[in-house]
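Working notes for the structure below.
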Amino acid sequence: MWLGMGLSAVGWAAEKRALLIMIAQYPNASGWSKLNAQNDRMLLTQTLKNQGFKITVLSDQQATADNIRKACALLLHMTQPGDKVIVGYSGHGQQLFDLDGDETDQLDEALVPYDAPRRADMKMYKGQKHILDDDIGVFVQQMKLKLGTNGQLVLLLDCCHAGTGARADAQAYLRGGALPIIPSDFKESSALQQQEGSGFDDGNFSTRGQEATFVLFAGAAASQQNYEVRNESGVAYGALSYAFCEALY
């Protein structure tokens, strides 16, 4: 696995590109709590620079839904076969009512951009300001095909409702925690209450064998919450961002 080789690209002229989306301070009126994603940004930036990555960062008010989509589209355009690509997100995560019927628990998982609402009326809001797992799945599939069999893609999602659990001390910030955005008349069936959502995945596509290696690192399972952790000096980080960088040193 290429992570075990220190993200080395020895043997070809591949580029190493990283897109970091780091949201520490949401608008005061949004209801979203402050996070320590600025510490994740500094740690990940230094770690990936040491590994030779060219890094693009969207932080706080830069990280709107529209800007995130544009940055992902630009990254896809710039990527060439054989490149190594990392996309990292530190911020809040949330679940929304599934509008296309592909989730067993009837909830989509979503990243929360700077301009995403914490609460919304589903009669008017269809997730336009959230980055849904469906959207991420399409991006991942497109990137894997663009990178080809010699390329590598890593997705780091340091938020709630993303993929594997993390816990911290009682004073740690919670990277999500908001109730799902669902219709006011929604009633979850008892048969679905025990089922796990899909989380962020690249879907079931028919192009296996033509794609880059893809690894998803997630700070929490689709139904779980994700807390920050502190190092020996008391500095708070996202649990996933901290563990990822520690593993590369």
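The values are calculated or read from the model by the stated rules, or taken from the named source; none is laboratory data. Since the model is a prediction, treat every value here as computed from it, not as a measurement. Don't worry about glycine lacking a Cβ; one is built from the backbone with ideal geometry, like all the others, and counts go over all protein chains shown. Remember, those area values only see protein heavy atoms, side chains included, never the ligands or the DNA or RNA. Shrake-Rupley method; radii C 1.70, N 1.55, O 1.52, S 1.80 Å.
Below are the figures for this structure:
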| quantity | calculated |
| --- | --- |
| Subset of segment 201-244 that is closer than 20 Å to residue 81 by Cβ and at pLDDT 90 or above - its residue that is surrounded by the most Cβ atoms within 10 Å (Cβ to Cβ) | 212 |
| Residue in segment 131-157 that is farthest from residue 79 (Cα to Cα), counting only those that are under 12 Å from the mean Cα position of the chain (by Cα) and of a type outside the set (A, V, I, L, M, F, W, C) | 133 |
| Elements of type strands (runs of 3 or more DSSP E) in segment 2-102, at least 1 residues being polar (S, T, N, Q) and at pLDDT 95 or above | 54-59, 84-90 |
| Filter pass, residue 28 being open to solvent by less than 70 Å² (accessible area, probe 1.4 Å) and more than 30 Å from residue 150 (Cβ to Cβ) | no |
